[in-house]
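Enquirer: Before I ask anything, let me first share the structure, which is written out below as structure tokens.
The values are calculated or read from the model by the stated rules, or taken from the named source; none is laboratory data. The model shown is predicted, which means the values in this text are computed figures rather than measured ones. For neighbour counting, all protein chains shown are included, and Cβ atoms are generated from backbone atoms with ideal geometry for every residue, glycine included.
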Amino acid sequence: MIEVLVSEKLVVRVPCAVIEHNGKVLAGQRSAALSFPLQWEFPGGKLEKGETDEEALAREIKEELDVEIEILNKLPETSKDQGWREIILVPFVCNLKTLNITLSEHEQILWLTPGQLPTLDWTEADLNVIENYYEYLAAKK
Ligand SMILES: Nc1nc2c([nH]c(=O)n2[C@@H]2O[C@H](COP(=O)(O)OP(=O)(O)OP(=O)(O)O)[C@@H](O)[C@H]2O)c(=O)[nH]1
């Protein structure tokens, strides 16, 4: 019998924010210097030790955009196999509590209507997030 050793894969939990403001949604372009350069994402990032999803998201958004958010709803988690690790994206629909955005990591941000979102080059896992966001919007009507 051949035994196959299946090594455990690193699983990385990444809360991210679908930030709504005046009928538009914020998309962030990843820095040219990071992994997945210049692709678009919902801002957020990896959990630090002991943090809840919500705490990590608030911290990341403050670090990346220098604003405070109000979390409104959670969207379904979606996972992406990146080969050596699995990313679990945990998206939250959010509002802005403060309005003056200052970028510290992203190349640029865009405010798009929900219908415009698919025109950008998103990281792969985000395509599921956009689909789930559409379902969320449809259910709200
Ligand atoms: N914040 C965020 N990360 C995403 C999204 N989609 C997606 O695949 N990711 C992946 O989740 C990881 C989040 O890491 P991070 O934002 O904390 O930091 P990073 O890019 O420096 O991480 P890395 O260097 O480990 O890739 C990235 O590898 C990124 O590729 C998304 O919509 N938002």
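Enquirer: For residues in segment 23-58 being free of Cβ contacts under 8 Å to residues at least 40 places away in the same chain and of a type in the set (S, T, N, Q), which is nearest to E124 (Cα to Cα)?
Expert: Looking at residues that are free of Cβ contacts under 8 Å to residues at least 40 places away in the same chain and of a type in the set (S, T, N, Q), I get S35.
Enquirer: Exactly one condition in (1) assigned to a strand (DSSP E or B); (2) loosely packed, with under 13 Cβ neighbours inside 10 Å; (3) of a type outside the set (V, I, T); (4) at pLDDT below 95 is false for S7; which is it?
Expert: Exception for S7: condition (1).
Enquirer: If you scan segment 66-78, which residues turn out to be of a type in the set (S, T, N, Q) and surrounded by 14 or more Cβ atoms within 10 Å (Cβ to Cβ)?
Expert: Of everything in segment 66-78, just one residue is of a type in the set (S, T, N, Q) and surrounded by 14 or more Cβ atoms within 10 Å (Cβ to Cβ), namely T78.
Enquirer: Now for a separate question. So in segment 25-36, with the set limited to residues that are assigned to a loop (DSSP other than H, G, I, E, B) and within 10 Å of the ligand (Cβ to nearest atom), which one is nearest to I109 (Cα to Cα)?
Expert: It comes out as R30.
Enquirer: Taking the residues in segment 118-141 that are surrounded by fewer than 14 Cβ atoms within 10 Å (Cβ to Cβ) and among the small types (G, A, S) as candidates, determine which candidate is nearest to A33 (Cα to Cα).
Expert: A138
Enquirer: Okay, moving on. Considering only residues that are touching a helix residue (DSSP H, G or I) at 6+ places or on another chain (Cβ under 8 Å) and loosely packed, with under 15 Cβ neighbours inside 10 Å, which ones fall in segment 86-117?
Expert: T102, S104, listed by residue number.
Enquirer: What's the total number of residues in segment 14-24 that are within 12 Å of the ligand (Cβ to nearest atom) and surrounded by fewer than 16 Cβ atoms within 10 Å (Cβ to Cβ)?
Expert: 0
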